[in-house]
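Student: Please see the structure below; I have some questions.
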Amino acid sequence: MSAIITASRLIQRRREGRVVAILAAVLLAIVVLSLAVGAYSLSIPDLVRTLLGGGAGNENFIVLKLRLPRVSLAVLAGVAFAVSGALFQTVLRNPLASPDIIGVTGGASAAAVFSMLILGLGGVATSVSAFLGALIVAAAIYVLAWRGGVAGYRFVLIGVGIAFMVQGFVSYLLSRADLRNAQEALVWLVGSVSGARWQDITVVAVFLAVLLPAVAVLSGRMRGLQMGDDAASALGIRVERARLALLVLAVALAAVATAAVGPLAFIAFVSAPIARRVVGTGGLALLPAALVGAIITTGADFVAQHLLPGDLQLPAGIVTGAIGAPYLLWLLATANRNGKGA
Amino acid sequence: MVCPPVPAAAGARRHAQEHELRAVGLSLGYDGATIVDTLDLTIEPGRVTVIVGANASGKSTLLRGIARLLRPEAGEVVLDGTSISSLSSKKVATVVGLLPQQPIAPDGITVSDLVGRGRYPHQGWFRQWSSTDDAIVADALAATDTLALAERRVEELSGGQRQRVWIAMALAQDPDILLLDEPTSFLDVTHQIEVLDLLLELNRERGTTVVMVLHDLNLAARYADRLVVMGGGKIIAAGVPADTLTTAVVSDAFGLEALIVADPVCGSPMVVPIGRFHGAPAPGTLG
C-alpha cells in the first residue's frame, strides 16, 4: 500500500529533476553564448581553451576581464532576485508580494540615488546605501503591517504604498540634480550588469553562500506556511517567527542583488511563478526558480547587448521590464477569476 | 438503533493513546476583546465532542485556543498535566491535530504530497523522510478512502473528496486528539454525512479523540457523544445530547424558539425551529 506513496513521490522528484536538468542546460547555453558572442566572437574550443587559461592576450582580456564578470554577476543576481521573490510570494501567500512590487528594491534605489546625488558618493558606497535602503524600507513595511501578526494582503498593500512614496522621492531627487549626475543615476536605476567588478561578484557570492543554506533549512516551514497560518500552526510551526526569519532572508537577498546590479525589474516577480508552472507539482520549486531567475537575467542581458535592432546597447533592466510588465497585466486579469494567490 | 453508536471494545486497529486535555479558567480574545471567558472544559478521551453555538459565541476561538493557536489571556490549556504553552509546539502537534476551517492547497499539489505534509512535526534535522512516513501516509489515505486519489491534483477533486484529503493530512500527523473547525461547511448534505461518518469511524476504530465545531444542530446531536453548547464565550450546557439539547438551551444559546423532537432515525434530539410565520397562528399573520 505504501508503495503507491513511494512511487508517487518518486514520480514528482523525477519530474522536478528533469525540469532542473533542462533549465540548467538552457542556462549553460546562454552563458556560453554570452561568453563567446560579441564584437569579437570566439569558437567554442577557443572559449574553453581561454577559460582554462590558455588564451591569447586579447582573448583573455575580452573573455576573462569583460564577459566573464558580467555573466557571473548576471547569474548570481538572477538567483538572488528569484529566490527572494519566491520567499516573499510563498510566505505572504500573494503573487504580487515581490520585492520589486512592494518597494523593497525601490527603497534600495532611493537610498542609492540619494547617496549619488546628494552625498556625492559612488562605487561601493552606492551599493552599501542601496543595501541599507532595502532593509529600512522592509522594516518599515513590516512594522506598519503588524497587527498582532502579519497578514499577506496588508503587507502587500502597505508595500505598494511605500513603493509609490520612494518612487516619488527618487523623482524629486532626479528633478533637482544637474543633468550629468541625473544621467548616471538613471542608468543605475534601470539596472545593469555591465561594468561588473569582481568585488561585487564576491560580495553577492558570499551572501548567497550564507543565505541559501538558511533558506533550505527553513523550507519545511515554508511548505507549512503555504497551507495557511492555522494549518501551519497546527503542524507545530511557530508562524510569526518562521515568517519573520524567511522575510529577513528574502530582504537580504533582494538587497544584496539590488546593491550589485540596481533594481533589475520584475525578475523577482516572475521567476518563481514561471518555475512553479513548469514543475507543476505545488512544491516550493526553489531550485527551478533560481535557475529561471538566472536564465532571465543572463538572457535579458544578452538580448540587450546583441539582439536589438540598430546596434542599440541597452541595460538589461529594460528587457526584463519588457518581459515582466505583460506578465503583471496577465496576472491581474486572471487573478480575480481564479480567486487565489501563489 | 442508538446514535451515535456505542463505542466498541478495544479492537486491533484501536491504537490512539488516551490523553487528558482540559481548559482551565481559559480566556481567549483578539486585540483586547475577550471572546472566550474563563471557561472550564474537559475533553473526554476516546469520544466525539461536538461544540455548537451561535455565530460569535466563541466556539471556533475555543478550538483554536485548545490547539495552541492562540495564547490565553488568562487560564491555561492542560495536556497530560502540563500547560501546553510550556510545551514545544512540535510536541503538541504530535498529540493534537487541527483541521482549520479553510486550509489552502498550494496550486498543482497532489494528494499524496499534501497528505505527506502532515508528517512535518515528526521530522527534524536528523529525522528525514523515511519508509515509515510513506506507510503512515498510505494508512491515512486508506482510512479516508482516498488511496485511489493519491496521484490526483487536489484542485481536481470534489468538495467532499477534498475534505477527506485534508482529514487524511491531519491523520498523517498521527494525532491522538483531532480537532476540526466546521469540517462540513461548504459541503452539500451528502458529503456532510460522508465526512461525519468518516470521523465517527475513525473515532470508533482507531480510538482517536474527536473534537469538532459544527453548525448543524441536528447533525451535532446525532454524531456527538458529548455536546457542548456555547454562548457569549461561556458554556451554556454540556453533556450527552439527549440531556443537553433542550428548548431552554436552544432559546438561550440561539435566541430561537424551537420544538425538540426525537430524530426518527435513531432517537437523538432534533431541533425543529418555529419561526415567526409557522407557530401558533396570530391574527393578521400568515397561518
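The values are calculated or read from the model by the stated rules, or taken from the named source; none is laboratory data. Since this is a predicted model, take the numbers as computed values, not measurements. Cβ coordinates were reconstructed from backbone atoms using ideal geometry, including for glycine residues, and neighbour counts include every protein chain displayed. The protein model used for the area step is the full one, side chains on, heavy atoms only, and it has no ligands, DNA or RNA in it. Shrake-Rupley method; radii C 1.70, N 1.55, O 1.52, S 1.80 Å.
Student: Any residue at all in the range A:18-39 that is within 14 Å of chain B (Cβ to nearest Cβ) and modelled with pLDDT of 90 or more?
Tutor: Yes, some residue in the range A:18-39 is within 14 Å of chain B (Cβ to nearest Cβ) and modelled with pLDDT of 90 or more.
Student: Taking A:I162 as meeting all but one of (1) crowded, with 18+ Cβ neighbours inside 10 Å; (2) farther than 30 Å from B:I104 by Cα; (3) among the β-branched types (V, I, T), write down the number of the exception.
Tutor: Of everything listed in (1) crowded, with 18+ Cβ neighbours inside 10 Å; (2) farther than 30 Å from B:I104 by Cα; (3) among the β-branched types (V, I, T), A:I162 misses just condition (2).
Student: Tell me which residues, restricted to the range A:260-273, are in a helix (DSSP H, G or I) and in contact with a Gly (Cβ under 9 Å, 6 or more places away or on another chain). Before you say what the answer is, go through the steps one by one.
Tutor: Of the residues in the range A:260-273, the ones in a helix (DSSP H, G or I) are A:260-261, A:267-273.
If the condition is that a residue be in a helix (DSSP H, G or I) and in contact with a Gly (Cβ under 9 Å, 6 or more places away or on another chain), then A:V261, A:I267, A:A268, A:F269, A:V270, A:S271, A:A272, A:P273 are the ones that fit.
Student: Quick check on my filter: what residues within the range B:43-76 are assigned to a strand (DSSP E or B) and under 17 Å from the mean Cα position of the chain (by Cα)?
Tutor: B:I43, B:V48, B:T49, B:V50, B:I51, B:V52, B:G53
Yes/no matrix, rows are residues, columns are (1) surrounded by fewer than 18 Cβ atoms within 10 Å (Cβ to Cβ); (2) part of a loop (DSSP other than H, G, I, E, B); (3) free of Cβ contacts under 8 Å to residues at least 60 places away in the same chain; (4) out of contact with any Gly (no Cβ under 7 Å at 6 or more places or on another chain):
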{"residue": "B:M212", "(1), (2), (3), (4)": "no, no, no, yes"}
{"residue": "B:A220", "(1), (2), (3), (4)": "no, no, no, yes"}
{"residue": "B:A237", "(1), (2), (3), (4)": "no, no, yes, yes"}
{"residue": "B:D252", "(1), (2), (3), (4)": "yes, no, yes, no"}
{"residue": "B:V272", "(1), (2), (3), (4)": "yes, no, yes, yes"}
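Student: Could you check, for the range B:89-96, whether at least one of its residues is open to solvent by less than 10 Å² (accessible area, probe 1.4 Å), over 25 Å from B:R204 (Cβ atoms), more than 7 Å from chain A (Cβ to nearest Cβ) and part of a helix (DSSP H, G or I)?
Tutor: No - not one qualifying residue is present in the range B:89-96.
Student: A follow-up question, please. Could you tell me whether A:D178 is away from chain B (no Cβ under 14 Å) and among the acidic types (D, E)? Full working, then the answer.
Tutor: Working: away from chain B (no Cβ under 14 Å): yes; among the acidic types (D, E): yes.
Answer is yes for this residue.
Student: Looking at A:L284, A:L291, can you tell me which residue is assigned to a helix (DSSP H, G or I) and either modelled with pLDDT of 85 or more or more than 22 Å from A:Y153 (Cα to Cα) (or both)?
Tutor: Values: A:L284 fails: assigned to a helix (DSSP H, G or I).
Exactly one residue qualifies, and that residue is A:L291.
Student: Say we look at the range B:97-124 and pick out the residues that are aliphatic (A, V, I, L, M) and in a loop (DSSP other than H, G, I, E, B); which of these is nearest to the other protein chains (Cβ to nearest Cβ)?
Tutor: Residues of the range B:97-124 that are aliphatic (A, V, I, L, M), as a first pass: B:98-99, B:104-105, B:109, B:111, B:114-115.
Cutting the leftovers down to in a loop (DSSP other than H, G, I, E, B) gives us B:104-105, B:109.
Details: B:I104: 5, B:A105: 7, B:I109: 3 Å.
Here the residue is B:I109.
Student: OK, next. Examine the range B:152-159 for a residue that is more than 10 Å from every other protein chain (Cβ to nearest Cβ) and within 15 Å of B:M212 (Cα to Cα), and state whether such a residue exists.
Tutor: No: the range B:152-159 contains no residue that is more than 10 Å from every other protein chain (Cβ to nearest Cβ) and within 15 Å of B:M212 (Cα to Cα).
Student: For B:L28, indicate whether it is within 14 Å of another protein chain (Cβ to nearest Cβ) and under 21 Å from B:L200 (Cα atoms).
Tutor: no
Student: When you look at B:V165, is it open to solvent by 50 Å² or more (accessible area, probe 1.4 Å) and either of a type in the set (A, V, I, L, M) or at pLDDT below 95 (or both), yes or no? Working first, answer last.
Tutor: On the way: open to solvent by 50 Å² or more (accessible area, probe 1.4 Å): no; either of a type in the set (A, V, I, L, M) or at pLDDT below 95 (or both): yes.
Spelling it out, it is not the case that B:V165 is open to solvent by 50 Å² or more (accessible area, probe 1.4 Å) and either of a type in the set (A, V, I, L, M) or at pLDDT below 95 (or both).
Student: Same structure, new question: From B:L178, B:L196, B:L202, B:L259, which residue is assigned to a strand (DSSP E or B) and either in contact (Cβ under 8 Å) with a residue 40 or more places away in the chain or open to solvent by less than 10 Å² (accessible area, probe 1.4 Å) (or both)? Walk me through how you get there before you give the answer.
Tutor: Values: B:L196 fails: assigned to a strand (DSSP E or B); B:L202 fails: assigned to a strand (DSSP E or B); B:L259 fails: either in contact (Cβ under 8 Å) with a residue 40 or more places away in the chain or open to solvent by less than 10 Å² (accessible area, probe 1.4 Å) (or both).
The match here is B:L178.
Student: Can you say whether A:A272 is closer than 30 Å to B:L99 by Cα, open to solvent by less than 10 Å² (accessible area, probe 1.4 Å) and facing chain B (nearest Cβ under 10 Å), as far as the supplied structure shows?
Tutor: Values: closer than 30 Å to B:L99 by Cα: yes; open to solvent by less than 10 Å² (accessible area, probe 1.4 Å): yes; facing chain B (nearest Cβ under 10 Å): no.
Considered against the rule, which asks whether it is closer than 30 Å to B:L99 by Cα, open to solvent by less than 10 Å² (accessible area, probe 1.4 Å) and facing chain B (nearest Cβ under 10 Å), A:A272 comes out as no.
Student: May I ask you to list pairs of residues, at least six apart or on different chains, whose Cβ atoms are under 9 Å apart, with the first in the range B:137-155 being assigned to a strand (DSSP E or B) and the second being modelled with pLDDT of 90 or more?
Tutor: Matching pairs, first to second residue: B:R153/B:A105; B:R153/B:I109; B:R153/B:T110; B:R153/B:V111.
Student: Related question: Checking B:I35 against (1) more than 14 Å from chain A (Cβ to nearest Cβ); (2) assigned to a strand (DSSP E or B): exactly one of these is not met. Which one?
Tutor: All conditions are met except number (1).
Student: To continue, here is another question. Given the criterion outside any loop (DSSP other than H, G, I, E, B) and touching a residue at least 12 places away in the same chain (Cβ under 8 Å), identify the matching residue among A:V170, A:V193. I'd like the intermediate steps shown before the answer.
Tutor: On the way: A:V193 fails: outside any loop (DSSP other than H, G, I, E, B).
None of the other options fit; the residue is A:V170.
Student: Would you check if there is a residue in the range B:114-122 being surrounded by fewer than 21 Cβ atoms within 10 Å (Cβ to Cβ) and in contact (Cβ under 8 Å) with a residue 24 or more places away in the chain? Working first, answer last.
Tutor: The initial filter retains those residues of the range B:114-122 that are surrounded by fewer than 21 Cβ atoms within 10 Å (Cβ to Cβ), namely B:122.
Filter once more, so that each one left must be in contact (Cβ under 8 Å) with a residue 24 or more places away in the chain: B:122.
There is at least one residue in the range B:114-122 that is surrounded by fewer than 21 Cβ atoms within 10 Å (Cβ to Cβ) and in contact (Cβ under 8 Å) with a residue 24 or more places away in the chain.
Student: Now for a separate question. Can you name the residue in the range B:125-141 that is touching a helix residue (DSSP H, G or I) at 6+ places or on another chain (Cβ under 8 Å) and among the β-branched types (V, I, T) and is also farthest from the other protein chains (Cβ to nearest Cβ) among such residues?
Tutor: B:I136
Student: As an exercise: evaluate A:S84 against (1) of a type in the set (S, T, Y); (2) more than 18 Å from the chain's Cα centre (by Cα); (3) modelled with pLDDT of 95 or more and give the number of the one condition it does not meet.
Tutor: (2)
Student: Hey, can you tell me all the residues within the range B:55-75 that are farther than 18 Å from B:V95 by Cβ and open to solvent by 50 Å² or more (accessible area, probe 1.4 Å)?
Tutor: B:N55, B:A56, B:R71, B:E73
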